[in-house]
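Enquirer: Pasting a structure here, questions to come.
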Amino acid sequence: MKQLSENPSLEHTGFVASNMDQENIGTPYGGVPVERLMLSDERGGEHGLVFIHRHHGEGTTPPHMIDHRANIMAAGSFQPVALVTIHAVGSLASDFPPGSLGMAADVLDLTGAVSTFHDDDATHAPLSNHFSSALRDLVRPSLVEAQRSSDVEADLLLDHVVAQMSGPQFETAAEIEALHRLGATTVGMTLSPEARLAAELGLPQLALLVSSNWATGRDPAGPDAEIDHHSVEDEASRLQHLIWKCITTLLDAGASQSG
């Protein structure tokens with residue numbers, strides 16, 4: 001998310017970036033660098049945003065080494081109205097091609113990895129509506145509008161079941177086929193741990209999904225088409241303007257409710 005905060009595409013949103021500060025938030029799991037951005041709207045209101053780059057550290061932290069507990073604990077310390085996370089995912093669905101933006105409605109996690117703040121005393125957090133349907137409905141019109149102005153002819157699939165895989169390798173074709181049969185429409189390496197920890201803190205989450213590549217074996221070019229890691233990153237950066245539109249839509253909604 002660091003790149004998003006450094007290059008805000010706020011044109012035509014009605015918001016202007018007014019100030020940005022950097023600090024390090026201490027948690028029991030280690031320090032987390034954050035960037036705090038103030039946005040001013042057309043009505044003179046100010047809105048605070050906090051950005052956390054989940055792969056912070058030396059270089060780019062591999063997905064299986066990310067300290068999700070530190071990141072989510074740091075995010076929760078700001079008592080956010082909503083937690084917006086951004087994930088590059090591989091698409092298993094023909095109606096969610098690379099270059100599209102969707103939302104997580106559920107996760108499918110068979111990795112066996114445990115993500116919790118409660119190692120000593122069992123606490124069971126509900127996940128039935130963790131990916132807030134209210135938040136998704138707020139940004140849905142922006143995603144539909146963006147689709148209408150694109151070159152995609154078919155309706156995009158906007159609500160997704162995200163299969164969690166550990167990485168850092170991409171999945172095999174057999175794994176993708178199994179996940180598809182179990183109901184997954186996308187696959188990624190970061191969502192499930194964050195979602196489970198956010199649920200324990202009671203943070204409503206909107207998870208935006210950047211379709212950055214076809215999952216292994218799903219490329220229309222054929223089953224042997226290779227996934228290019230650099231193209232994955234390029235697709236993610238291309239959608240910054242639409243991601244900012246989703247964020248400012250949530251800010252608008254919050255300002256309307258408070259006013």
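Values quoted throughout were computed directly from the atomic coordinates according to the rules given, and no laboratory measurement underlies them. Model, not experiment: these values are computed from the prediction. Heads up, the Cβs are rebuilt from the backbone with ideal geometry, glycines too, and the neighbour counts pull from every protein chain shown.
Enquirer: Report the local net charge at A195: Lys and Arg +1, Asp and Glu -1, summed over other residues whose C-beta lies under 11 Å from its C-beta.
Expert: Here the charged neighbours net out to -3.
Enquirer: How big is the range 1-111 on each of its three principal axes, counting only the C-alpha atoms and giving the largest first in Å?
Expert: Principal extents (Cα only, largest first): 46, 40, 27 Å.
Enquirer: Next question. Among the GluC sites (Glu not before Pro) in the range 140-227, which ones are in a DSSP loop with at most 12 other Cβ atoms within 10 Å of the Cβ? Mind listing them?
Expert: Here the sparse-neighbourhood loop sites are E153, E226.
Enquirer: If the chain between H124 and Q22 were fully stretched, how many nm would it gain, using 0.36 nm times the residue separation less the Cα-Cα distance?
Expert: 33.3 nm
Enquirer: Another question, then. Kindly provide the helix-only [θ] at 222 nm of the chain, computed as the sum of -39,500 (n - 2.57) over DSSP H runs of four or more divided by all residues, to the nearest 500 deg cm²/dmol?
Expert: Details: 7 runs with 78 residues, N = 259.
When only DSSP H runs of four or more count, the value is -9000 deg cm²/dmol.
Enquirer: If you take Rg/Rh (Cα atoms, Kirkwood Rh) from the coordinates, which of [x] 1.11; [y] 0.95; [z] 1.03 do you get?
Expert: Answer label, from the structure shown: [y].
Enquirer: Quick check on the exposure proxy: order R196, R43, R218 from fewest to most C-beta atoms within 10 angstrom. Write down the numbers at each step before the final one.
Expert: Working: R196 22, R43 9, R218 19.
Placing the least packed residue first, the sequence is R43, R218, R196.
Enquirer: Under 20 Å from a point placed 7 Å out from the Cα of T60 along the Cα-to-Cβ direction: which residues of the range 180-203 have their backbone N that close?
Expert: Counting backbone N atoms under 20 Å from the label point, the list is 187-194.
Enquirer: Follow-up question, since we're still on this one. Quick one: dipole size for the chain, taken about the Cα centre, charges +1 on Lys/Arg Cβ and -1 on Asp/Glu Cβ, in debye to the nearest 20.
Expert: 460 debye
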